[in-house]
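Asker: Shown below is the structure under consideration.
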Amino acid sequence: MTDTLEVGVLGYRFMGKAHANAMARLPMFFPDAPEIERTVLVGRDEDALADAADRFGFESTATDWEAVVDDIDVFYNLGPNHVHPEPSIAALEAGTPVFCEKPLAPTLADAERMAEAAREAGDDVPAGTAFNYRFVPAIQYAKGLLEDGELGEIRHVRGRYLQDWLVDPDAPWSWRLDEELAGSGVLGDLGAHTVDLVRFLVGDDDLAGDIERLSGHLQTFVDERPVEGSEETPGESGGDGDAVETRPVTVDDAYAAQLEFANGAIGTLEASRYATGHKNDHTIEIHGSKGSLRFSLERLNELEIHREGDRGYETILVTDADDPYVDHWWPPGHVLGWEHTFVHENYEFLSAVSEGTAFEPSFEDGLAVQRLLAAIQDSDDRGEWVALE
Ligand code: SOE
C-alpha cells in the first residue's frame with residue numbers, strides 16, 4: 001500500500017476541473033482513499049495554467065509533460081484526444097500508472113499502441129480509461145439486475161446520447177471538430193460512452209455477448225465554423241463583428257448505428273450535438289424476455305424497471321443498498337449529480353494504484369470501444385454492414 005500518491009495532471013479545462021474537483025472531495029467523503037498530493041498541472045498557456053493550478057490546488061505547473069511523467073506516482077491525461085497517446089505511453093514505459101480521458105485515442109492504431117504499452121507495463125501498473133458513467137449507482141444497480149438474470153434473454157439494446165451545443169451555426173470551431181485533433185466528432189466524444197456502457201451492461205457471454213456485426217452512418221450538418229476571437233471589431237473598417245476566419249469541420253455531427261450481438265440481440269445507437277431540447281441526455285434502454293430497464297443521465301438517481309406482469313415501467317430511486325457509494329455521501333435520497341461519478345471513478349482508480357491492483361475500465365476496454373467506433377466509421381465509408389473479428 002503506497003501512503004501518499006504524487007499526482008500529475010495534463011489538462012486544466014473541462015475535464016481538468018472535473019477530475020481536480022473529484023480529487024478534492026476524496027479526503028472528506030472517501031477517507032479510506034489513498035492520500036494524494038496534487039503535485040503538478042501540465043499545460044501550454046502559462047498564465048491560464050498558473051490560474052488553474054491555483055484554483056485547483058496544484059503545487060506546481062509544467063509546460064513539458066516529458067519532464068513530469070517519470071517523476072510522479074500517477075499521471076492523468078486529460079488533454080484533447082490527439083494528446084492522449086504519446087504522454088500516456090511515455091508514462092507507462094516509465095512504470096507510472098495512467099488515467100486517460102475518453103475516447104482512448106483519436107485512431108484505432110493509436111489506441112492499439114496505448115494498450116500495448118499498458119500490457120508491457122504489467123498488471124501492477126493500472127491504466128484506466130475514464131468512462132465515468134460506469135460509476136453512476138443506477139448503472140451499477142442495473143448491471144446487478146442483468147447479471148442476476150432479472151431481465152432474462154437480452155433482445156434489444158438502445159443507446160442515445162443527445163446534446164444541442166452545436167445547433168447554432170455560429171458556435172465557434174474547436175478541437176472537437178477536427179479529425180486530426182479529435183479523430184471523430186460525436187462518435188468518439190459521446191458514442192464512446194454509450195458503446196462502453198453497452199459492453200459493461202450486456203457484454204458478458206451469458207447476456208448479449210460481443211457485438212459481432214454492425215452498420216453505421218455518420219453525418220456532418222455544418223461544415224465550417226467561425227474561429228473564436230477572429231471577429232472584426234464593429235465600426236472599424238466597416239467591420240460588422242462577424243468572424244473573419246473560419247475553419248472546416250472535418251468530423252461527424254451525428255451518428256447512428258445498428259448492432260447485432262452474439263446472442264442475436266439487436267442494438268441501435270445514436271448521438272448528436274444538434275438534438276434541440278436535449279442538453280446532456282444519455283439514455284440506455286434494454287429489453288429482455290422477462291423485463292426491461294431504462295436509464296437517463298438527466299435523471300441519474302433513478303432507474304426505470306419493467307418486470308413481467310407490470311403495466312409499463314416502475315421508476316425507482318436508486319439509494320440504500322442498491323447504491324455502492326451511498327454510505328460515503330449524504331443520507332439516502334439526498335441525490336447525486338454528474339460530478340459525483342468522477343469522484344467514484346477517481347476513488348476506484350487511485351485505490352487500485354495504491355494497492356497495485358487492476359482497474360476497470362482499463363486501456364483494454366478503451367481499445368475495445370475504439371475498435372467498435374472504427375467499425376462504425378468503416379461501415380459508413382463502405383456503405384455496408386461490417387463484421388467484427
Ligand atoms: C462534451 O460533449 C462532453 O463534455 C463530453 O466530452 C463528455 O465526455 C460528456 O460526459 C459530456 O459532454
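Asker: Please state which of the following conditions Asp47 fails to meet, knowing it meets all the rest: (1) within 16 Å of the ligand (Cβ to nearest atom); (2) part of a helix (DSSP H, G or I).
Answerer: Result: Asp47 fails condition (1) only.
Asker: Related question: With the condition kept exactly as written, say whether any residue in the stretch 266-284 is over 23 Å from the mean Cα position of the chain (by Cα) and not in a helix (DSSP H, G or I).
Answerer: Start the filter on the stretch 266-284 by keeping residues that are over 23 Å from the mean Cα position of the chain (by Cα), which leaves 266.
Right, trim to not in a helix (DSSP H, G or I) and you get 266.
Checked against the condition, which is being over 23 Å from the mean Cα position of the chain (by Cα) and not in a helix (DSSP H, G or I), the stretch 266-284 yields at least one hit.
Asker: In addition: Only one residue in Thr319, Thr283 is in contact with a Pro (Cβ under 7 Å, 6 or more places away or on another chain) and either touching a residue at least 40 places away in the same chain (Cβ under 8 Å) or more than 16 Å from the ligand (Cβ to nearest atom) (or both), so which one is that? Give the steps one after another, and end with the answer.
Answerer: Working: Thr283 fails: in contact with a Pro (Cβ under 7 Å, 6 or more places away or on another chain).
When all the criteria are applied, what remains is Thr319.
Asker: Check off (1) assigned by TED's automatic domain parsing to the domain that holds Asp253; (2) closer than 21 Å to Phe200 by Cβ; (3) modelled with pLDDT under 95 for Asp170 and give me the number that stays unchecked.
Answerer: Asp170 satisfies all of (1) assigned by TED's automatic domain parsing to the domain that holds Asp253; (2) closer than 21 Å to Phe200 by Cβ; (3) modelled with pLDDT under 95 except (2).
Asker: Next up: Would you tally the residues in the stretch 86-101 being open to solvent by less than 20 Å² (accessible area, probe 1.4 Å) and either within 16 Å of the ligand (Cβ to nearest atom) or in a loop (DSSP other than H, G, I, E, B) (or both)?
Answerer: 5
Asker: Going by what's in this entry, would Asp322 be described as at pLDDT below 95, on the phi < 0 side of the Ramachandran plot and surrounded by fewer than 19 Cβ atoms within 10 Å (Cβ to Cβ)?
Answerer: Details: at pLDDT below 95: yes; on the phi < 0 side of the Ramachandran plot: yes; surrounded by fewer than 19 Cβ atoms within 10 Å (Cβ to Cβ): yes.
For Asp322, the condition - at pLDDT below 95, on the phi < 0 side of the Ramachandran plot and surrounded by fewer than 19 Cβ atoms within 10 Å (Cβ to Cβ) - is met.
Asker: Looking at Phe342, Phe359 in this structure, which one is over 14 Å from the mean Cα position of the chain (by Cα), closer than 21 Å to Ala142 by Cα and not assigned by TED's automatic domain parsing to the domain that holds Val125?
Answerer: Details: Phe342 fails: over 14 Å from the mean Cα position of the chain (by Cα).
Testing whether each residue is over 14 Å from the mean Cα position of the chain (by Cα), closer than 21 Å to Ala142 by Cα and not assigned by TED's automatic domain parsing to the domain that holds Val125 leaves just Phe359.
Asker: Right, next: Output the number of residues of the stretch 12-32 satisfying the condition of being closer than 16 Å to Phe349 by Cα, open to solvent by 20 Å² or more (accessible area, probe 1.4 Å) and not in a helix (DSSP H, G or I).
Answerer: 2
The values are calculated or read from the model by the stated rules, or taken from the named source; none is laboratory data. This one's a predicted model, so the numbers in the text were calculated from it and none came from an experiment. Virtual Cβ from ideal backbone geometry, glycine too; neighbours counted across all protein chains shown. Accessible surface is based on the protein model in full, side chains and every heavy atom, while ligands, DNA and RNA are left aside. Shrake-Rupley method; radii C 1.70, N 1.55, O 1.52, S 1.80 Å.
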